[in-house]
Each structure stands twice: as C-alpha cells, then as structure tokens.
Amino acid sequence: MSPEPQQPRQPYDGPEEAQDPPARPEPFVRLARPEDDEALGGLDRATWSTLHAVTPRARPPYPPFFHENSAPGDHLVAVTGDGRVVGYTKLARATPLASNAHVLQIQGLAVLDEARGTGVGRLLIRSAVTEARRRGALRLSLRVLGHNTPARRLYESEGFVVEGIQPREFLLDGEFVDDVLMGRSL
C-alpha cells in the first residue's frame, strides 16, 4: 500500500517569498531566478512527452531555458526543502495587446516524475492563480492537449472550465490531437 501523498503547503504568497525559507520537508513555490536556468532546462528535457509537448524533443547543444520571450520573472518554481527544483509553471501575457492586458496565461507546467502525485502540480496552479491576482489579472487561461486527461482533471479541479476546442490541431506520434482552451475568472 502506497503512503498518502503529503498535503501541499499553502500557495505562493507573492514576491516577498523570493528568498528560500529555511529547509522544509515539503515543496514550496518561489519566483524563478537566473541561476535556475540549468535546473529548469534539465527538468524540461526530463519531462518531455507528446502527452503535453507539441514541439520536438530537444537535442544537444541545448539552448538556455531563459531567453528573450521567457524570463525568470515569468516562471514560478516548486522547490524541495533541500533546494531541488521539482516543477515549474510559466505565467505570461496571453497576447501583447493592451486590450487583453487583464488576461494572463499559464504557458507551461512541468513536474518531475518523482514529484507527481505529491501535490506539486496543484501547488503550482494555486500559486499561478495567486500571482496572476497579485499582478492585477482578472482572468487566467491555458491550453492543454485533449488527450492529457490528468492535466485536464487537475485544471478542472482548480476552477478552470473548457472554453473551446480546436479539433485535430496537432499531429503527434501519427495521431491527431485536439487543443483544449480552458480559463477561469480571478
């Protein structure tokens, strides 16, 4: 019989938690830092799967994780008490349009296999909601592949609803996959 998963710590409290607190047994969330680049790149490569990725698997030489369109301040990272990065989510503007500035979008969520089922994904989603509110957003949206049932269930359990489906939007491993648009008010 497997042990009960630990209950996740309270969601991200905002930028004041930018410094790592003293060692804790459970993961916590903080804003990413430039020095997280290598760990986040490795996490991205370790978790790559056509269950959620629409781009090809990365090959060496690996580009930096942070780049012109993806800065440390766009990412929340889940960190264990000993400082290991075990997950992240990217939170960014949905579009560059001023008329859409009230909407933020989750543009990626990854959790290491060893941390799945422990509440890290839920902690990251709740932290993204808190951070989006802190940034003044009124709405949070995301896109998820139709066949990614675990992610869809997680998002639905956190208040996201399906707002649209783009049928057969991607061809992955020889199969057409729907792109599911989800969102929630804040």
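The values are calculated or read from the model by the stated rules, or taken from the named source; none is laboratory data. Because the structure is predicted, anything quoted here is derived from the model rather than measured. With ideal geometry, Cβ positions are generated from the backbone for all residues, glycine too; neighbour counts draw on all protein chains shown. Accessible surface areas use protein heavy atoms only, side chains included; no ligands, DNA or RNA. Shrake-Rupley method; radii C 1.70, N 1.55, O 1.52, S 1.80 Å.
Results, tabulated for the structure shown:
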quantity	calculated
Selection within region 119-136 - out of contact with any helix residue (DSSP H, G or I) (no Cβ under 9 Å at 6 or more places or on another chain), crowded, with 16+ Cβ neighbours inside 10 Å and over 21 Å from residue 45 (Cβ atoms)	119, 123, 126, 127, 128, 129, 130, 132
Complete set of residues in region 74-98 that are outside any strand (DSSP E or B) and surrounded by 14 or more Cβ atoms within 10 Å (Cβ to Cβ)	74, 80, 81, 84, 94
Test set (1) modelled with pLDDT of 95 or more; (2) open to solvent by less than 30 Å² (accessible area, probe 1.4 Å); (3) not aromatic (Phe, Trp, Tyr) - residue 17 fails condition number	(1)
Pairs, first more than 18 Å from residue 106 (Cα to Cα) in region 170-186, second of a type in the set (Phe, Trp, Tyr) and not in a loop (DSSP other than H, G, I, E, B), C-beta under 7 Å, six or more apart	177/170
Output for region 27-56, where each listed residue is assigned to a loop (DSSP other than H, G, I, E, B) and open to solvent by 60 Å² or more (accessible area, probe 1.4 Å)	48, 51, 52, 54, 55, 56
Residue list for region 171-186, filter: part of a strand (DSSP E or B), within 20 Å of residue 57 (Cβ to Cβ) and open to solvent by 50 Å² or more (accessible area, probe 1.4 Å)	171, 175, 176
The lone exception for residue 148 - which of (1) in contact (Cβ under 8 Å) with a residue 60 or more places away in the chain; (2) at positive phi; (3) surrounded by 17 or more Cβ atoms within 10 Å (Cβ to Cβ); (4) not hydrophobic (A, V, I, L, M, F, W, C) it fails	(2)
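Residues are listed down the side, and each one gets a yes or a no for (1) in a helix (DSSP H, G or I); (2) touching a residue at least 60 places away in the same chain (Cβ under 8 Å):
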| position | (1), (2) |
| --- | --- |
| 127 | yes, yes |
| 130 | yes, yes |
| 141 | no, no |
| 144 | no, yes |
| 155 | yes, no |
| 165 | no, no |
